[in-house]
Amino acid sequence: MQRLSLKLLIIGLLIMALLIPTFLIYLLIYERQARQSDVFEESARVWGQPQILAGPVWLHDDQNQYAENMTIEGQLNVETRRRGIYRVPFYTAEVTITGRMRMSGNGQLVLHSSDSSRIRIKDFQIDGRSINAERRSDGTIAAEVPRNLTYGNHEFAVRLECPGIQSFHALPAAENTTIELTSNWPDPSFVGDMLPTARTINADGFNARWQINGNQYFDLPTMYVRADEFDPAEVSGAGVSFFVPVDIYQQNTRALKYAILFIILTFLTYFIFEALYNIRIHPLQYLLVGAALCVFFLLLLSFSEHVGFLPAYAIAMLASIALIAYYSRHVLGNIRHTAIMTAMLAGLYAFLYVLLQMEVYALLAGSVGLFLILAAVMFATRRIDWYNLKASAQESSHRQVE
C-alpha cells in the first residue's frame, strides 16, 4: 500500500512536469501565429491593407452632406499567394460608386478609405463630367466640385481600382445604399454589421447584395461631421472576408487545452493495471508515454501548417496511438490490457476532434463528455478495495478466467 501511495505521488509529480512541454508547445503555437500575422502585415505593406470604403460625401463649410441614394458595385478578383508556408489572399477590386446628392459649386466630394495610397483613381464625375481628384494628407480622396454647379440634385460616379488583402468593406454613406459584390472566391465569410439580403455561392465564386437604409443603420449626420475625424475602422459596414477567422493556430490552441486530460487518463489507466495485476511500471515508462502524448500536439501543429488541420489530426492521432499501443504491449505484457489502452486513447482522440469541430456547443459537449469519462472511471473501479488490492486483483483475475 505504501508503494502504491508513493507511486501515486510520483505520478502526480510527473503530470506536473509534463505541463512544462505542453506550455512550451503553447508558446510555439503563439510564435507561429505571430509569424503568420507578420507575414500578413508584410503583404499589406507590399500590396495594400484590407480596404474599407465610405462615401463620397459633400464636404462644405466644415460639414458633410451625404447622398440620398448610392450604389456600390465591386468586382473582386482574388488569388492566393504563398509567402513561406503561409497562403495570403490578395485581391484587386474594381469598384464603381454611383448616386445622387444635393450639392452646389462649393466644397469638395470626399471619399474615405482605410488605405487610399494604393487606390488607383480611374474616374470621378459629376453629371457625366469628369473632375480632378487627388489624395489628401489625411488619407482621403477629394475632388473639387465645379464652381458653376447650381444647388440641387446632381449625379456622381466614381470608378476605382483598389488592391488589398484579407477583406473588403463598404460603408453606407447615404439614406439608401445598395452594395453588390461579386468575386471568384468560392468560400466567402460575410462580415460586418449587416448580412447580405441576397447571395449566391458556388464553386466559381459568389455574388452578394445588401440593401441598407442609412438612417436606420446609424446616425449619418453625426457620423460624418468632419472628414478629418472619420475613422473607417469604427464601423465595419457590409463586407466580405477571404481569411478564415478560426485558423489552424486557434484550433491547435484549443486542442492543447485538453493535453492534461489525455495525460491524467492515460496515467490513471496504467496505474489501475499496475495496482490490480501487480505489474511493475517504472516512472520512466510513465514519462515516456506522457512524452508521446505531448508529441501528438507537436505533430498536429507541424503537419497542420502544410496539409491542413484534418489530415494533420489523422496523421498525429494514428502515429501517437500506434506508438503508445506498441510500447504498452511490452510494458503491460498483455494483449487485452493493450487493447483496452488503445481503445481508451482512440475514444479520447475522437472526443477531442468532435469538440474542436463545435463552436456554439463546445463547452456543453465538453462538460458532458468529462462527466461521462468520470462516470466510466468510477464504474470501472467501483469494486476495487484500495486497502486490500491483493484481494481485488485475485477477484479481477477470477472474473477474467470465467
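Can you tell me which residues in the stretch 155-166 are assigned to a strand (DSSP E or B) and surrounded by fewer than 21 Cβ atoms within 10 Å (Cβ to Cβ)?
Taking the stretch 155-166 first, the residues assigned to a strand (DSSP E or B) are 155-165.
Listed by number, the residues that qualify are E155, A157, R159, E161, P163.
Mind checking which residues of the stretch 171-215 are polar (S, T, N, Q), closer than 20 Å to S114 by Cβ and crowded, with 17+ Cβ neighbours inside 10 Å?
As a first pass, look at the stretch 171-215 and keep what is polar (S, T, N, Q): 176-178, 182-184, 189, 197, 200, 202, 207, 211, 213, 215.
Going one step further and asking which of them are closer than 20 Å to S114 by Cβ, we end up with 177, 183, 189.
T177, S183 - these are the residues of the stretch 171-215 that are polar (S, T, N, Q), closer than 20 Å to S114 by Cβ and crowded, with 17+ Cβ neighbours inside 10 Å.
Residues A343, A350, A319, A375: which one is within 22 Å of the chain's Cα centre (by Cα) and modelled with pLDDT of 85 or more?
Exactly one of A343, A350, A319, A375 is within 22 Å of the chain's Cα centre (by Cα) and modelled with pLDDT of 85 or more, namely A350.
Take the residues in the stretch 17-51 that are among the aromatic types (F, W, Y) and in contact with a strand residue (DSSP E or B) (Cβ under 9 Å, 6 or more places away or on another chain); name whichever of them is farthest from V295 (Cα to Cα).
To start, the set of residues in the stretch 17-51 that are among the aromatic types (F, W, Y) comprises 23, 26, 30, 40, 47.
Narrowing the set further to residues that are in contact with a strand residue (DSSP E or B) (Cβ under 9 Å, 6 or more places away or on another chain) leaves 40, 47.
Working: F40: 29, W47: 38 Å.
Among them, the one singled out is W47.
Table: residues versus (1) more than 36 Å from the chain's Cα centre (by Cα); (2) more than 18 Å from T140 (Cα to Cα); (3) part of a loop (DSSP other than H, G, I, E, B).
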{"residue": "A44", "(1), (2), (3)": "no, yes, no"}
{"residue": "P56", "(1), (2), (3)": "no, no, no"}
{"residue": "N64", "(1), (2), (3)": "yes, no, no"}
{"residue": "I72", "(1), (2), (3)": "no, no, no"}
{"residue": "T80", "(1), (2), (3)": "no, yes, no"}
{"residue": "G105", "(1), (2), (3)": "yes, yes, yes"}
{"residue": "V110", "(1), (2), (3)": "no, no, no"}
{"residue": "F124", "(1), (2), (3)": "yes, no, no"}
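Determine the pairs where a residue that is in contact (Cβ under 8 Å) with a residue 12 or more places away in the chain, located within the stretch 169-185, has a partner that is in a loop (DSSP other than H, G, I, E, B) and not aromatic (F, W, Y) with Cβ atoms under 7 Å apart, the partner being 6 or more residues away or on another chain.
From residues that are in contact (Cβ under 8 Å) with a residue 12 or more places away in the chain, the pairs are H169/S236; H169/G237; A170/G237; L171/V235; L171/G237; P172/G237; N184/D204.
Just give me the residues in the stretch 82-95 being assigned to a strand (DSSP E or B) and out of contact with any Ser or Thr (no Cβ under 8 Å at 6 or more places or on another chain), in sequence order. Working first, answer last.
First, pick out the residues of the stretch 82-95 that are assigned to a strand (DSSP E or B): 82-83, 86-95.
R82, Y86, T92, A93, E94, V95, listed by residue number.
I'm told R32 meets every condition in (1) charged (D, E, K, R); (2) under 21 Å from S114 (Cβ atoms); (3) surrounded by 16 or more Cβ atoms within 10 Å (Cβ to Cβ) except one. Can you identify the failing condition by its number?
Checking R32 against (1) charged (D, E, K, R); (2) under 21 Å from S114 (Cβ atoms); (3) surrounded by 16 or more Cβ atoms within 10 Å (Cβ to Cβ), the one that fails is (2).
The values are calculated or read from the model by the stated rules, or taken from the named source; none is laboratory data. This one's a predicted model, so the numbers in the text were calculated from it and none came from an experiment. Every residue, glycine as well, gets a Cβ built from its backbone with ideal geometry; the counts of neighbours run over all protein chains shown.
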